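Student: One structure, as structure tokens, below. Some questions next.
Throughout, read-outs are computed from the coordinates displayed, never taken from laboratory work. Every value quoted in this text rests on a predicted model; they were computed, and no experiment measured them. Backbone-built Cβ (ideal geometry, glycine too); neighbour counts: all protein chains shown.
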Amino acid sequence: MKAVSDRRRKRDAVYPARRQQVWERGNGMCEWCGMAAMTDVHHIAGRAGPDPHRLENLVGLDAECHRRVHAEPEWARSVGLMRSRHAKLA
Ligand SMILES: [Zn+2]
């Protein structure tokens, strides 16, 4: 149990810096619509796995786009905002 929590703590320690990098990548704007300020960081393939906070798994969204991703998962998958972490990249 302790080993798992240590691993998770180490894994999550990078997250604040990665969030900052995502914000800079998007110039503080939603990376999907570009029309509103980035407020959320979404994990495209979820938070499981060895390195869920890798930059290519993160997309900065505004609250409305983030809501839509989770409300319309079929749409989100079709546009690449959501995928299984086991899926191969096209
Ligand atoms: Zn947006």
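Student: Could you please find all residues in the stretch 42-78 being touching a residue at least 40 places away in the same chain (Cβ under 8 Å) and either assigned to a helix (DSSP H, G or I) or of a type in the set (A, V, I, L, M, F, W, C) (or both)?
Tutor: 45, 58
Student: Those residues that are of a type in the set (A, V, I, L, M) and loosely packed, with under 11 Cβ neighbours inside 10 Å, I need them from the stretch 67-78; list them, please.
Tutor: Across the stretch 67-78, the qualifying residue is only 71.
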